[in-house]
1. Rounded to the nearest 10 Å², what accessible area does Met1 show when all protein chains are kept and the probe is 1.4 Å?
2. So if we plug the beta-carbon distance of Phe14 and Ala114 into 1/(1 + (r/R0)^6) with R0 = 35 Å, what FRET efficiency do we get, rounded to 0.05?
3. Quickly estimate the mean residue ellipticity at 222 nm for the chain, helices only: each DSSP H run with n ≥ 4 gives -39500 (n - 2.57), and the total goes over all residues, rounded to 500.
4. Just to confirm the filter: which GluC sites (Glu not before Pro) across segment 142-208 are DSSP coil and have at most 15 other Cβ within 10 angstrom of their Cβ?
5. At most 13 other Cβ atoms within 10 Å plus a DSSP loop assignment makes a site exposed; report the longest stretch of the chain without any exposed trypsin sites (Lys or Arg not before Pro).
6. In terms of Cα to Cα distance under 30 Å, which lysines are near enough to Lys118, apart from those fewer than 8 places away along the same chain?
7. Lysines within cross-link reach of Lys16: Cα-Cα under 28 Å, excluding same-chain residues under 8 positions apart?
8. Just the ratio, please: alpha-carbon radius of gyration of the chain over 2.2 N^0.38 Å, N its number of residues.
Amino acid sequence: MLRWAGNRATPFTFDKVGDLPAQAADLAYLDGRIYATTWSAANATTIGRLAGVWRSPALPIRAGQIRQWTQVFDASRYETDPLIRTTYGLGGVAAFGGYLYWGTMHVPLQASLAHQAKYPQPTDEAVRLQARNTQRGLSIWRGKDLGTPNQKIELLYGESTLPAYAPETATWSSVPTGWTPLYGRSGFGNSLNNYTWRMTVAGDRLFVATMDWSYLVHDLLPQAPPTDPALWGADLWVFPSAAEAAQPINTTGLGNYLNYGIRNMVADGDDLYLGMANPMNLRTDPTDDVPEGGWELIELSRGRDAYADRL
């Protein structure tokens with residue numbers, strides 16, 4: 001973790017303020033501290049190397065404190081399968097309404113491939129079951145008083161049970177996670193919503209941007225169960241307050257189903273600028289005026305159509 005210490009004359013000067021055992025994904029500031037979400041490290045054999053939320057010492061962080069960050073949440077507190085939990089990432093994080101909000105990220109098929117490598121299955125039916133039981137939709141969390149005796153963590157969207165594999169019997173079973181979601185199921189009800197790519201507060205609302213790989217399932221895995229084209233495309237959800245469930249702004253890539261992700265967001269008062277993830281360049285049809293394949297920048301103004309202004 002680095003803090004910029006430069007100026008216009010020496011712009012590439014940094015101070016090291018954190019040394020974490022896993023790769024940091026995103027940062028947020030709350031109550032005089034920085035919080036970092038991480039992805040699981042390769043060969044995540046310790047809790048610290050699993051995807052987690054880390055809390056910094058009180059700011060300003062001094063040179064002797066770079067290893068005094070505290071892990072306040074990790075994937076093992078939710079995921080029931082020991083191998084799948086090593087494939088988790090944590091992504092978007094934001095301070096909102098006195099809470100820290102964060103969400104999980106799941107690279108398409110990564111958990112399936114890890115299971116297939118470690119536990120090869122003898123039949124096609126068993127392979128399909130393995131693929132189905134290793135898929136995870138994003139989960140959304142929040143916490144208050146993190147790193148203190150009064151720490152409180154809530155699961156907002158997720159599962160009360162998850163499939164876990166027993167190698168000794170070569171069977172799957174539903175195992176309680178120990179959590180009851182406050183508002184709904186994983187992926188805001190769509191299991192193919194797999195990334196919490198970004199969280200941003202604009203005005204007095206918390207926006208959550210996702211990656212939805214429904215289109216990729218349809219295009220790359222023809223043997224997979226059919227997906228509903230009405231659900232293709234990234235989602236944008238909003239928490240109107242810390243006392244309310246999230247509401248959908250748009251669930252179809254903001255007017256372009258090939259926008260499988262909202263990769264970044266920047267707030268401008270009550271408004272947002274959205275940077276879309278869309279690598280399907282060759283799907284562009286030059287005979288129409290619909291923006292299909294390729295990156296887009298979208299301005300979202302409060303009270304207006306969610307995809308009225310493509311920049």
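1. Result for Met1: roughly 50 Å² accessible.
2. That pair, Phe14 with Ala114, gives E of 0.50.
3. My calculation for the chain gives -2500 deg cm²/dmol from helical runs alone.
4. Glu168
5. That would be 68-301.
6. none
7. Reachable lysines: Lys144.
8. Its radius of gyration relative to the 2.2 N^0.38 Å reference: 1.04.
The values are calculated or read from the model by the stated rules, or taken from the named source; none is laboratory data. All figures in this text were calculated on a predicted structure; none of them were measured in a lab. Every residue, glycine among them, receives a Cβ derived from its backbone with ideal geometry; neighbour counts consider all protein chains shown. We work out accessible area using only protein heavy atoms, side chains counted, and drop any ligands, DNA or RNA first. Shrake-Rupley method; radii C 1.70, N 1.55, O 1.52, S 1.80 Å.
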